[in-house]
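Step one of this worksheet: look at the structure below.
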Amino acid sequence: MAIKIPALPEQLPTAQPRFVGREVQRVEDPGLVSGTAEFIDNLALPGMLHCAILRSPHPHARVVGVDTRAAEALPGVLAVLTGEDVRRWSNPAYTAPEGWGAYCIAVDKVRFVGEPVAAVAAVNRYVAEDALELIRVDYDVLKPVPTPAVAMAPDAPVLFEERGSNVIQSRVYNWGDVDRVFAEADHVVQNTFRWNRVGANPTETFGCICQWDISDDSLTCHGAYQTPRFWAMARALALNLPTNKVRVIPHPMGGGFGGKGGPRGTDIAALLSRKSGGRPVKYIEDRMEYLLAGFGQSWDRYYDAALAVKADGTVTGLKVKLIDDQGAGTEGWGTISVAKPLAAFTGAYRIEAAQYDTVLVATNRAPTGPYRGYGPPPHFLVLESLMDMAARRLGMDPAELRRRNYIRPDQFPYTIPSGNEYDSGNYEAVLDKVLAMSDYRGLRESQARWRADGRLIGIGVVSTVEPGVFDWNAYATVGVQGIGVPEGAKVAFDMLGNLTVVVGFNLQGQGQFTVAAQVAADYWGLDLGAVKVASAPTDIGPPSFGQGGSRLGVAITGAVLGASEKLKAIFCQVVAHLMQTTPDQVELMDGRLRLKANPQVGMSLAEVAGTMLGRSDLLPPGMEPCPEATFVWTAEGRTMPDDQGRCRSYLTAANATHVVMVEVDRDTGRTDILKYFIVDDCGTRLNLANVEGQLQGALAQGVGAALYEEYVYNDEAQPLVTTFVDYLMPTIHEVPMATKDFVVTPSPVAPLGAKGCGEGAIHTTPAAVLCAINDALAPLGVEITETPASPHRVWKTLRRARAG
Amino acid sequence: MAMSTKQGICITVNGVRHEREVEPRLTLADFLRHELALGGTHVGCEHGICGVCTVLIDGRSARSCLALAVQADGCQVTTVEGLRDRTTGHLHPIQQAFVEAHGLQCGFCTPGFMMTTLELLAENAEPSDEAIKEALGGNLCRCTGYESIIASVRLAAQRLREQKRT
Ligand code: FES
Ligand code: FES
């Protein structure tokens, strides 16, 4: 049965959608403001033990011996786990490319500061931490590998000896005739960039409670898991269990932004449970552990990039050479962040040819993982900075240079050189709107006036494309396999006509339960509060991926609509049978199944569902008494990658242009954001406040990456950032309150026309802020190409200007 | 480091007296969360920076991760669980305002923001945006970008003023 999913809100079976596209109060909020939401550390199970993990103080060392006798003897300690145990019971993390993962506790050697070397389960966390102090570990310290440059030197110590080298992957992609466009260019604008490591840092760290059932060797994990099925499968592989013997129960999460779901923490808690005879074991990562070894450090990058530009401002080519410091292996799936830029390599522009030269390197920094945007934010910082440098070279206004190169509305669907297809867009309309909203000309005039007074004022105008609704094929280049990312939902009416929507993930902050409820409520003509959204554990829920890749809002919409369409067809059969007509004579409208020819005659949802569950004698012969349906959605039309990684990967392409005005303080190098404007186009906005919240939140993270946040390591690969005193999260004082507006170009390929928008402004903000700073510095003839553009770095740049 | 001897304390939380024997090293946050099962006070850093764990001690905002339970002996502590109207079950105007003005996403930081807001609005019924920022400058939120939080506090202030008038 082919299911036709409504392509626009107007196609929903209601005279007028009451919730989709409206400002609604979120269904998840009452529990969250009451403090009753069950974040994982609020759950306690009978007999539960508490885990604490001993971590390596050395970036690179051989573990010669671990003496746990004193810890085991401490009253209140039930189990101590070491490398010996994990070698016996588990496997190294599965990675892509394969073979760059470690065991959950160091076996033989440690490769980064913070790597677990032993763990304790005790009656409470205080005692567990006491016990850590009693464990003696003997290390044979090895020479550290602090940077890719050291890692790639011929005599470098090798992190993973069996790999023989620290280079994880080295690959060059050529798309189109790159050499020709660069040879024929009137200008080649080239520069180097350094993006320092940043990270997700949700306010809630990772946590879990794991229980090993010793009766049948199965495992249950409650916890803060953002992609529960993915983690369940990975745990089964790591812990030598059949995949149907691992059950993950996802709890509401205090944010995620990519890194939620600690695999090492889970495996350690699981094995401690096994070792303690099946007691539940809780592990709550603390902030220092998160900052040392958590699962969200991202993008430690060295770029050398160039644009080929014609005299009239037409950009014809882009070359990007990237050396990516992955840290100590690829257990965090940081490799994906190098692959993902293929989905939007040339941004918002018609650039005919491109080259991507990538080297992924292992060092003794913590392994990198996913963080909101998962790769493109630094890539766009490079591309957009080059666009500004080209504009300066040509003496063109940066907004006009961009306008000249935009993909035009009539060119969609548009295939970019790196292979992905953008579904739709109207980049010029977005630009015009933000230029008008910001009074761009007025900003430039003020800038000229203030500059004349000696102030360093800069304006950034930056356009990007946000790839939305990821597919695995986007990451094929780093060894990830598969096409299709199933997301399922079940819609189920009970005997009294009340509706439950069952999904396979839990809350993380983006309001997806509300989106599911909005869509279901409008489809079935119910009040929003009448729809119950329930999260199912992995063993009973529908196939699901959960949050990730700017996808879930679109995917869950598709799943709820698909399931609803299926169920509607069944309901039509029931009603047709009762009314002695054919199903095609019955329609659903505003919550009633009615006769098309005589809309006065019909049945309520409760009547249909109640009949199905309570009067089987009235049903069509052979019909199942089941007023429920499940639909699993995935994007259609995704393709196999070719040898250059080209494929149709991300389904939707949202677009945004930001205008920002900054002032740089000459004496201190401090940057103040004076004004910030955003216009974006993510197609149909399913929930206005959700989209706005994602934008503003991602803007804050973008400001953090551009100006404040950095995981600093010293020359010996020792992390210098271990608290929020050192890792500078933007506060209410640092985040600009952006003026926002939007354009709506519905996606022709996604349910209800909505595009992925969850990662949002982090694609654009770092580039916009850095471009603005460099616009401010331009009269001095210096520029900064390293993030974060901290006061110290900018001050050093200003000194260079003075030194002339 | 050996097991320390326990100490008797009496803390009134949201109007209810609790007498307990606790280890001196037990933080107030852990006491509230794990001894009293008041899980609404969350913990984000345990080193005093994020403000997620904010509660009121004798009406003043405090970081319950830095305070020891024994230090709150004899004090009145207010947590997010104390905000709802106990008789009607209605949300407190601050909670209601955070819902209506979308002042939360994941909601993990929200109890801390609301407790800080409770203190602010007790002292200043009509705070300017600057005063709101000043008061909330010690609370981190990773989700919202703060704009909707400021709007929530403004709305809460307005609601509380209206409530007073009627
Ligand atoms: S948890 Fe107390 S300030 Fe962060
Ligand atoms: S709402 Fe998630 S940290 Fe504030």
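Here is how the numbers come out for the structure above:
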{"quantity": "Partners for residue A:310 among aspartates and glutamates (Cα-Cα distance below 14 Å; same-chain residues under 8 apart left out)", "calculated": "A:184, A:186, A:352"}
{"quantity": "Förster-model FRET efficiency, 25 Å R0, residue A:617 and residue A:582, C-beta, rounded to 0.05", "calculated": "0.75"}
{"quantity": "For residue A:654, residues with placed amide H under 5 Å, excluding near neighbours", "calculated": "A:466, A:468"}
{"quantity": "Residues with amide H under 5 Å from that of residue A:139, placed H, sequence gap 5 or more", "calculated": "A:64"}
{"quantity": "Cα-based shape type of segment A:581-725, given that a ≥ b ≥ c are square roots of the gyration tensor eigenvalues and the cut on a/c is 1.5", "calculated": "prolate"}
{"quantity": "Check: segment B:7-82 dipole with +1 on Lys, Arg Cβ and -1 on Asp, Glu Cβ, in debye", "calculated": "180"}
{"quantity": "Shape category assigned to chain B from the gyration tensor of Cα positions, a/c cut at 1.5", "calculated": "prolate"}
{"quantity": "Percent of beta bridges antiparallel (DSSP, segment A:192-280, rounded to nearest 5)", "calculated": "55"}
{"quantity": "Per-residue HN-Hα couplings for segment A:779-794 [Karplus 6.51, -1.76, 1.60; θ = phi - 60°; Hz; x = Gly/Pro]", "calculated": "x, 8, x, 10, 8, 10, 10, 10, 10, x, 7, 6, x, 4, 5, 5"}
{"quantity": "Portion, in percent, of the accessible area of the protein assembly as shown that falls on carbon or sulfur, probe 1.4 Å", "calculated": "50"}
{"quantity": "Karplus (6.51, -1.76, 1.60) ³J(HN,Hα), θ = phi - 60°, over segment A:445-450, in Hz, Gly and Pro reported as x", "calculated": "5, 4, 4, 4, 4, 5"}
{"quantity": "Hits among aspartates and glutamates - C-alpha to C-alpha of residue B:6 under 13 Å, sequence gap 8 or more where chains match", "calculated": "B:19, B:21, B:23"}
{"quantity": "Listed residue (B:125, B:144, B:163) projecting farthest to the positive dipole end of segment B:93-165, Cβ model", "calculated": "B:163"}
{"quantity": "Packing rank of B:90-97, A:76-83, where each peptide gets the mean count of other beta carbons within 10 Å, highest leading", "calculated": "A:76-83, B:90-97"}
{"quantity": "Rounded if a/c under 1.5, otherwise prolate or oblate - the protein assembly as shown, Cα gyration tensor axes", "calculated": "rounded"}
{"quantity": "Residue B:38 long-range amide H proximity, modeled H, under 5 Å", "calculated": "B:33"}
{"quantity": "Solvent exposure of the protein assembly as shown as accessible area per residue, Å², 1.4 Å probe", "calculated": "35"}
{"quantity": "Chain A - share of DSSP beta bridges that are antiparallel (%, nearest 5)", "calculated": "80"}
{"quantity": "Number of partner chain Cβ atoms within 10 Å, mean per residue of B:92-100", "calculated": "3"}
{"quantity": "Long pairs among A:4/A:532; A:321/A:796; A:282/A:740, criterion Cα-Cα beyond 32 Å", "calculated": "A:282/A:740"}
{"quantity": "Alpha-carbon centroid distance for the pair segment A:586-617 / segment A:259-323, whole angstrom", "calculated": "51"}
{"quantity": "Simple Cβ-charge dipole of the protein assembly as shown, Lys/Arg +1 and Asp/Glu -1, about Cα centre, in debye nearest 20", "calculated": "420"}
{"quantity": "Exposed trypsin sites (Lys or Arg not before Pro) absent: longest stretch of chain B, with sites in DSSP loops and at most 15 other Cβ within 10 Å deemed exposed", "calculated": "B:87-166"}
{"quantity": "Euclidean distance between Cα centres, segment A:1-40 to segment A:148-220, Å", "calculated": "37"}
{"quantity": "Average other protein chain Cβ within 10 Å of Cβ, residues A:25-32", "calculated": "5"}
{"quantity": "DSSP bridge pairs, segment B:7-82: antiparallel proportion in percent, nearest 5", "calculated": "90"}
{"quantity": "Inter-part distance where segment A:437-464 and segment A:712-765 are each reduced to a Cα centre, Å", "calculated": "24"}
{"quantity": "Rounded FRET efficiency, nearest 0.05, which uses the C-beta distance separating residue A:4 from residue A:667 and R0 of 41 Å", "calculated": "0.05"}
{"quantity": "Vicinal HN-Hα couplings computed from phi for segment A:314-320 (Karplus, 6.51 cos²θ - 1.76 cosθ + 1.60; Hz; Gly/Pro x)", "calculated": "6, 8, 10, x, 9, 10, 10"}
{"quantity": "Exposure rule at most 10 other beta-carbon atoms within 10 Å, DSSP loop GluC sites (Glu not before Pro): chain A longest free segment", "calculated": "A:99-635"}
{"quantity": "Shielding by partners - mean other protein chain Cβ count within 10 Å, residues of A:199-206", "calculated": "5"}
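The values are calculated or read from the model by the stated rules, or taken from the named source; none is laboratory data. Since we're looking at a predicted model, the values are computed, not measured. Heads up, the Cβs are rebuilt from the backbone with ideal geometry, glycines too, and the neighbour counts pull from every protein chain shown. We work out accessible area using only protein heavy atoms, side chains counted, and drop any ligands, DNA or RNA first. Shrake-Rupley method; radii C 1.70, N 1.55, O 1.52, S 1.80 Å.
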